[in-house]
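The values are calculated or read from the model by the stated rules, or taken from the named source; none is laboratory data. These numbers were taken from a predicted model, which means no experiment stands behind them. Note that each Cβ is placed from the backbone with ideal geometry, even for glycine, and that neighbours are counted across all protein chains shown.
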Amino acid sequence: MADSAAMRVEVVSPERVLFSGEATQVITRTLGGGEVAFLAGHAPFLAAVIPNHTRVYLVDGSVLDIAVHGGFVEVSNGKVSILTDDAELGSEIDKAHAAAEVARLEEQLRHEHDAKGAAELGKAHARLAAAGGGSGTSAAAH
Amino acid sequence: MAGGQERILRGRIRSVQATKKITRAMELIAASRIVKAQQRVQAAVPYSEQITEVVRDLAAAGGSTDSPLLATRDKIVTVCYVPVSADRGLCGGYNAGVLRATEAEIKADVTSGRDYVIVPVGRKSESYFRFRGYQLDQAFNGFSDQPSYAAAKQIGEHVVSLYASGAVDKVVLVYTRFISAGSQEVVLRPLVPLERDVVSGGDGKPGEDGLSADYEFEPDPSTILETLIPRYIEARVYAALLNAAASEHAFRQRAMKSATDNAEELIKSLSRIMNRARQDAITTEIMEIVGGAEALSGDSTKHVRLIDVGAARDMSNLSTGASL
């Protein structure tokens, strides 16, 4: 039943609309709440989103990978909107570059731990996961 | 002497033509950028609409509107102005419009006993206010024709921290709103604190079945609101920057179009003067030939008809040389 119903999904950043259309499921990660999956008919919901690898399951069965660098998710009237300061489509990210960035930040954090570096690493993990490398959950470790 | 004038005129025409080429190129560049800037304004609309909706829904459903950024202060001591101008000139009255509006507001504030501080955006507004000795805070520039969201974020964070620290009690944004390619207007918009009607009017969006939405929050509503409102302010700043950029290009296109037209006009009138000067020179030359011939005929009437034109020209050259 879950995968048959479609709902409206929008992923927007100030600079552009990344995705707008029908989907069957959306998975993102909220502040303090871990990963959340939304299906059609979800109750009204509002949460802050941390940098993560968001997956949008399209009606045709394919999955759209998006690196969302923080923002908000609102569910109302059966519509899921993700508002983000900055986001990138997985297909636009250079995987090798993203992996190098993760390695560099991990190395840097080993020497001195600061909040800014940790936030950067969260973003880098989200990018790498959206690009199709690494796991989407590793960002939660930090 | 007449030839000298002609040469000077030819030089001036050439320089006006070169200027015309530059203004024409700037006009075309501005015209193509207007379209892009307009698209960017359009692209930012969904985000700002949605974030406004979320703020309203949150205020209506969560009810916690006691965020300091929402509270209007009873006594306004210091007002912060954020005039958005261009980084470069050559755009007609664009910068002057914003700067004049800001200056008028500041004067009104000063006479009514309030203090002010300016956070200039764009090189032109910074230099304008710095030169006139106004009280400046941090300046932001280098992105006026293609503002990024990161720039808007910096400005937003800065004014929010100014407000939160109590240094200012109100933040006003002064920018040029882009209505269409043919019309723009300078507007003053209060930015912080948010006006009540921005957050009210959210009805919690009753669903299609008429039931009022009962939101779940993660984490609690006030935490969300605290992170949401700065984002909302940034989105407002970003929209203002994009509007200002589109207006800047529109103003520049118009200014450069009239500069190109003026150059054409100037070239036309200069060519006319030059042609007349050349005609004058030719006429003078003929007069000199005739005069020379007549002078010779005065000496011996019989030989006049035998003097050919070549000799007359030699004579006239001699006489021009003498007169110089």
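Conditions tested, residue by residue: (1) within 11 Å of chain B (Cβ to nearest Cβ); (2) hydroxyl-bearing (Ser, Thr, Tyr); (3) exposed (fewer than 15 other Cβ atoms within 10 Å of the Cβ); (4) assigned to a helix (DSSP H, G or I).
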{"position": "A:Ser81", "(1), (2), (3), (4)": "yes, yes, no, no"}
{"position": "A:Leu109", "(1), (2), (3), (4)": "no, no, no, yes"}
{"position": "A:Ala118", "(1), (2), (3), (4)": "no, no, yes, yes"}
{"position": "A:Gly122", "(1), (2), (3), (4)": "no, no, no, yes"}
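Yes or no: B:Val41 assigned to a helix (DSSP H, G or I) and closer than 30 Å to B:Ala250 by Cβ? Criteria met by B:Val41. Taking strands (runs of 3 or more DSSP E) as the structural unit, those lying wholly within region A:13-61 and holding at least 2 residues that are surrounded by 17 or more Cβ atoms within 10 Å (Cβ to Cβ) and within 14 Å of chain B (Cβ to nearest Cβ) correspond to A:17-30, A:34-39, A:45-49. The sole residue among B:Asp74, B:Asp87, B:Asp145 that is without any contact (Cβ under 8 Å) to a residue 24 or more places away in the chain, part of a loop (DSSP other than H, G, I, E, B), charged (D, E, K, R) and out of contact with any strand residue (DSSP E or B) (no Cβ under 7 Å at 6 or more places or on another chain) is B:Asp74.
Taking each residue of region B:45-56 that is facing chain A (nearest Cβ under 9 Å) and crowded, with 18+ Cβ neighbours inside 10 Å and looking for partners that are β-branched (Val, Ile, Thr) and part of a helix (DSSP H, G or I) with beta-carbon atoms closer than 9 Å, six or more apart or interchain, yields B:Val54/B:Ile224. On the stretch given as region B:139-157, residues that are away from every other protein chain (no Cβ under 14 Å), surrounded by 14 or more Cβ atoms within 10 Å (Cβ to Cβ) and not aliphatic (A, V, I, L, M) total 4.
Among B:Asp261, B:Asp314, which is the only one that is acidic (Asp, Glu), exposed (fewer than 15 other Cβ atoms within 10 Å of the Cβ), over 30 Å from B:Val55 (Cβ atoms) and modelled with pLDDT of 85 or more? Write out each step before concluding.
Working: B:Asp314 fails: modelled with pLDDT of 85 or more.
That would be B:Asp261, the only listed residue that is acidic (Asp, Glu), exposed (fewer than 15 other Cβ atoms within 10 Å of the Cβ), over 30 Å from B:Val55 (Cβ atoms) and modelled with pLDDT of 85 or more.
Residues in region B:264-297 that are loosely packed, with under 13 Cβ neighbours inside 10 Å and farther than 26 Å from B:Arg10 by Cα were compared, and the one that is modelled with the highest pLDDT is B:Val290. Could you please give the count of residues in region B:17-30 that are in contact (Cβ under 8 Å) with a residue 60 or more places away in the chain and either among the charged types (D, E, K, R) or buried (at least 17 other Cβ atoms within 10 Å of the Cβ) (or both)? Residues in region B:17-30 being in contact (Cβ under 8 Å) with a residue 60 or more places away in the chain and either among the charged types (D, E, K, R) or buried (at least 17 other Cβ atoms within 10 Å of the Cβ) (or both): 6 in total.
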